[in-house]
Amino acid sequence: MDHEIPKDFLRQIVAEDLAAGRYAAPITRFPPEPNGYLHIGHAKSICLNFGIAEEFGGACHMRFDDTNPAKEDQEYVDSILADVKWLGFNWTGPVRYASDYFDQIYAYAEQLIQIGKAYVCDLNAEQMREYRGTLTLPGRDSPGRQRSVDENLDLFRRMRSGEFAEGALTLRARIDMSSPNINLRDPVLYRIRHAEHHQTGGRWCIYPSYDFTHPLSDAIEGITHSLCTLEFEDHRPFYDWLIQSLKTPAQPHQYEFARLNLSYTLTSKRKLKQLVDQGFVEGWDDPRMPTLAGIRRRGIPAAALRRFCQVIGVTRADSMVDVAQLDFCVREHLEAHAPRAMAVLRPLKVILTNWDEGELMLTAPAHQQRPELGERQIPFAKTIYIDREDFAEVPPKGWKRLVPGGEVRLRQAYVIRCDEVLHDLEGRVIELHCSVDKATLGANPEGRKVKGVIHWVSAEHALPATVRIYDRLFAVEDPEADGGDFTAHLNPDSLQILQALIEPGLASLSPEDAVQFEREGYFVADRLLWANGERVFNRIIGLKDSWGKGQSA
């Protein structure tokens with residue numbers, strides 16, 4: 001389904017810059033830190049940066065801002081690249097790393113020292129916080145602020161050579177300790193860290209800060225529009241100060257937009273890591289997780305996620321997006337694309353007592369609105385299974401499914417009547433004996449109206465499958481609202497595992513193939529377990545939103 005791309009304020013800025021001849025084409029970048037898996041909030045940034053480059057005939061760089069070796073890992077690098085490709089985007093040129101520019105960034109640091117705009121500081125982290133001041137009180141100068149250029153160069157080079165212990169010294173910018181913007185109170189440019197880096201190994205024992213590295217990497221790459229979320233707005237004055245002080249050949253500009261806040265969802269990489277590390281979920285790709293790896297394994301199509309990012313738009317106003325908007329985009333896509341099949345999630349045995357015709361092969365469309373998807377064959381026989389929730393001995397008001405003495409239509413098949421109910425010793429229903437109206441295949445019964453339609457599978461032909469019913473990971477709209485332990489708001493019913501029976505034709509599915517289990521919802525063949533020969537389906541989403549009714553969505 002094609003959708004027109006809305007013209008948000010960032011696209012207007014790019015269009016105006018191109019019309020004024022400031023740039024021939026935009027050059028954007030997607031610059032994650034490889035210290036965790038990407039989440040749904042990153043999808044908005046990916047779609048924005050790659051989307052603008054594509055729409056205006058420009059380029060988008062894939063760059064890792066890898067400045068903290070203690071928290072970074074090649075696993076995260078690999079997962080991020082896979083996520084961007086899965087979402088449907090390709091970067092321009094090679095994969096880039098801020099660490100590729102460590103020599104140039106170091107040279108820029110020496111240049112700042114030489115022009116009197118950087119110095120080596122002896123304060124430890126606690127002292128630095130004390131000297132920095134508060135939002136209402138100005139900071140105080142570090143004793144090292146008065147060092148000469150030669151002293152600072154000597155100390156900085158000795159820092160690089162590994163002469164000092166970790167944390168002993170830092171390199172700081174010399175800006176303004178009385179600035180109302182605390183980010184301009186002589187921010188740290190370099191720290192001593194005796195740590196192996198996943199790209200540079202043990203070559204460096206000093207590492208540039210993120211705030212120092214990011215604008216310089218943008219400048220080195222010739223980025224025209226550096227698009228960041230609003231939390232970086234207060235960092236922009238330092239970004240501009242750095243670019244102007246060093247007179248870099250390229251002069252990138254930073255623009256901010258509102259990050260994605262989604263109801264019933266966490267988008268903090270640190271807190272998502274806590275869920276993984278403490279075993280609340282089964283890993284970064286747990287289908288309940290809002291990571292792109294989890295979203296993919298849940299079965300949400302990349303096209304639906306791109307559509308969602310388009311629908312919510314790009315603004316500068318922080319707001320909470322209702323997860324129902326994501327659900328709508330997912331259902332819209334799956335309704336149009338997912339083939340249909342039947343699966344009985346809670347099997348109840350049914351004997352068709354008057355069926356003596358043996359096995360019959362019925363034909364049904366793979367998708368009622370898409371004849372080009374073809375047809376499927378459904379075996380019918382004397383013993384079938386229906387869903388236990390489609391039978392009630394004492395039905396509630398308005399019940400339209402099977403009851404003792406009542407009739408329903410089997411989807412794509414006959415009308416049946418329940419004649420006898422068998423129970424176990426505890427009084428639980430274990431089997432139904434029903435009769436078939438053999439004149440009702442593709443026809444209405446004579447002289448009566450049957451309203452209910454239920455799904456079923458042939459007992460002899462159905463395949464066993466594990467079905468995982470996923471629900472929202474959190475039971476409250478904003479898990480962080482009270483400022484307490486967010487794990488206290490985890491939904492205890494976020495996962496239900498059922499042993500189901502499915503149409504035999506579903507054996508031909510491939511990993512990540514989605515299907516609508518008629519009357520149940522949309523499901524996907526688990527991308528990892530299916531590939532290993534385990535017949536496991538994950539529920540993507542229900543057929544309609546029933547969360548407000550106290551049921552799963």
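The values are calculated or read from the model by the stated rules, or taken from the named source; none is laboratory data. Predicted, not measured: the structure shown is a model, and the values here were computed from it. Positions of Cβ are backbone-derived with ideal geometry, glycine not excepted, and every protein chain shown enters the neighbour counts.
Within the range 105-141, which residues are part of a loop (DSSP other than H, G, I, E, B) and closer than 21 Å to E166 by Cβ? Reasoning before the result, please.
First, the residues of the range 105-141 that are part of a loop (DSSP other than H, G, I, E, B): 115-117, 122-124, 133-141.
Those that are part of a loop (DSSP other than H, G, I, E, B) and closer than 21 Å to E166 by Cβ: D122, L123, N124.
So for the range 283-297 (the condition being outside the structural domain of Q516 (by TED's automatic domain parsing), small (G, A, S) and surrounded by fewer than 17 Cβ atoms within 10 Å (Cβ to Cβ)), does at least one residue qualify?
Scanning the range 283-297, I find no residue that is outside the structural domain of Q516 (by TED's automatic domain parsing), small (G, A, S) and surrounded by fewer than 17 Cβ atoms within 10 Å (Cβ to Cβ), so the answer is no.
Based on this model, can you work out whether A392 counts as touching a residue at least 24 places away in the same chain (Cβ under 8 Å) and either under 26 Å from L498 (Cα atoms) or of a type in the set (A, V, I, L, M) (or both)? Working first, answer last.
On the way: touching a residue at least 24 places away in the same chain (Cβ under 8 Å): no; either under 26 Å from L498 (Cα atoms) or of a type in the set (A, V, I, L, M) (or both): yes.
No.
Here's a check for you: in the range 508-543, which residue that is among the charged types (D, E, K, R) and under 21 Å from the mean Cα position of the chain (by Cα) is nearest to W456 (Cα to Cα)? First the steps, then the outcome.
Our first condition is that a residue be among the charged types (D, E, K, R); within the range 508-543, this holds for 512-513, 518-520, 526-527, 534-535, 539.
Then drop every residue that is not under 21 Å from the mean Cα position of the chain (by Cα), which leaves 512-513, 526-527, 539.
Numbers: E512: 24, D513: 21, D526: 23, R527: 26, R539: 18 Å.
Among those residues, the one meeting the criterion is R539.
Filter the range 204-221 down to the residues that are assigned to a loop (DSSP other than H, G, I, E, B), in contact (Cβ under 8 Å) with a residue 60 or more places away in the chain and farther than 25 Å from T28 by Cβ and list them by number.
Residues of the range 204-221 that are assigned to a loop (DSSP other than H, G, I, E, B), as a first pass: 204-205, 209.
When the remaining residues are screened for being in contact (Cβ under 8 Å) with a residue 60 or more places away in the chain, the result is 204, 209.
The answer is W204, and nothing else.
Of the residues in the range 248-263, how many are assigned to a loop (DSSP other than H, G, I, E, B) and under 13 Å from the mean Cα position of the chain (by Cα)? Reasoning before the result, please.
Pass one, the range 248-263, residues assigned to a loop (DSSP other than H, G, I, E, B): 248-252, 258-260, 263.
Those left that are additionally under 13 Å from the mean Cα position of the chain (by Cα): 260.
Here the count works out to 1.
Residues being assigned to a strand (DSSP E or B), more than 26 Å from V429 (Cα to Cα) and not acidic (D, E): count how many of those fall in the range 373-387. Even if it seems obvious, please write down each step before you answer.
In the first step, residues of the range 373-387 are kept if they are assigned to a strand (DSSP E or B); the result is 375-380, 383-387.
From what is left, the residues that are more than 26 Å from V429 (Cα to Cα) are 375-378.
Adding the requirement that they be not acidic (D, E) leaves 376-378.
Total meeting the criteria: 3.
In the range 222-245, which residue that is farther than 30 Å from E166 by Cβ and in contact (Cβ under 8 Å) with a residue 60 or more places away in the chain is surrounded by the most Cβ atoms within 10 Å (Cβ to Cβ)?
I223
Give me a count of the residues in the range 343-372 that are over 18 Å from E503 (Cα atoms), among the charged types (D, E, K, R) and part of a loop (DSSP other than H, G, I, E, B).
3
Could you please give the count of residues in the range 118-144 that are charged (D, E, K, R) and crowded, with 17+ Cβ neighbours inside 10 Å?
Let us first name the residues in the range 118-144 that are charged (D, E, K, R), namely 122, 126, 129-130, 132, 140-141.
Pick out the ones that are also crowded, with 17+ Cβ neighbours inside 10 Å and you get 132.
Summing the residues that are charged (D, E, K, R) and crowded, with 17+ Cβ neighbours inside 10 Å in the range 118-144 gives 1.
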